[in-house]
1. Express the accessible area of segment 49-128 per residue in Å², computed with a 1.4 Å probe while the remaining protein chains stay in the model.
2. Share of the chain's accessible area from carbon and sulfur, percent, 1.4 Å?
3. Roughly how big is segment 1-77's charge dipole about its Cα centre, with Cβ charges of +1 (Lys, Arg) and -1 (Asp, Glu), in debye to the nearest 20?
4. Nothing charged except the Cβ atoms of Lys and Arg (+1) and of Asp and Glu (-1): what's the magnitude of the dipole of segment 38-128 about its Cα centre? Round to the nearest 20 debye.
5. Which is farthest toward the positive dipole end of the chain among Leu47, His104, Gly59, measuring Cα position about the Cα centre, with Cβ charges +1 (Lys, Arg) and -1 (Asp, Glu)?
6. Rounded to the nearest 0.05, what FRET efficiency do Asn50 and Met121 have when you use their Cβ-Cβ distance and R0 = 22 Å?
7. Between Gly22, Gly76, Gly59, where does the largest GNM mean-square fluctuation fall for the chain, given springs only between Cα atoms within less than 10 Å?
8. Relative contact order for segment 1-48: what is it in percent, counting Cα pairs under 8 Å that are at least 6 residues apart?
Amino acid sequence: MVIHESAEDYLESILVLQQRRGQVRSIDIVNELGYSKPSVSIAMKKLRENGYVSMDADGLITLNESGMEIARRVYGRHTTLAKLFILLGVTPEVASEDACKVEHDLSEETFHCIQNYLKKMLEEQEEG
């Protein structure tokens, strides 16, 4: 399945907003990402047409199974990379911004190596 980086960002944002707020509307995504209302409207239409999200009559957006799978993968990459960057001494704000830039382009091999390294580093920190 090929999905564009911008679609991954939208799906990730919906997941984060659902966790934070419980429900998500297009205006919440506008405020979260800083995109225009028309841009978000077009993106939500495409995500609905591709089966990644559903929208009810009240405008509440829900991730469908395929959308949730992508959102969890991207968000998992984001949080893992941000943790690594923070361990390296990067401030949390910059670490999160940089994780956004890297999360989409990293190969699975490199990401798995980062996960293993981070796990090892965190275990060593707990022991020491």
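The values are calculated or read from the model by the stated rules, or taken from the named source; none is laboratory data. Fair warning: this is a prediction, and the values are worked out from it, not measured in the lab. FYI the Cβ positions are ideal-geometry reconstructions off the backbone, even for glycines, and counts take in every protein chain you see. Please note that ligands, DNA and RNA were not included when accessible areas were found on the heavy atoms of the full protein model with its side chains. Shrake-Rupley method; radii C 1.70, N 1.55, O 1.52, S 1.80 Å.
1. Value returned for segment 49-128: 65 Å² of accessible area per residue.
2. Answer for the chain: carbon and sulfur cover 50 percent of the accessible area.
3. Using only the charged Cβ atoms, the result is roughly 100 debye.
4. Dipole magnitude for segment 38-128 comes out near 280 debye.
5. Toward the positive end, the furthest listed residue is Gly59.
6. Approximately 0.05, to the nearest 0.05.
7. Gly22
8. 31 percent
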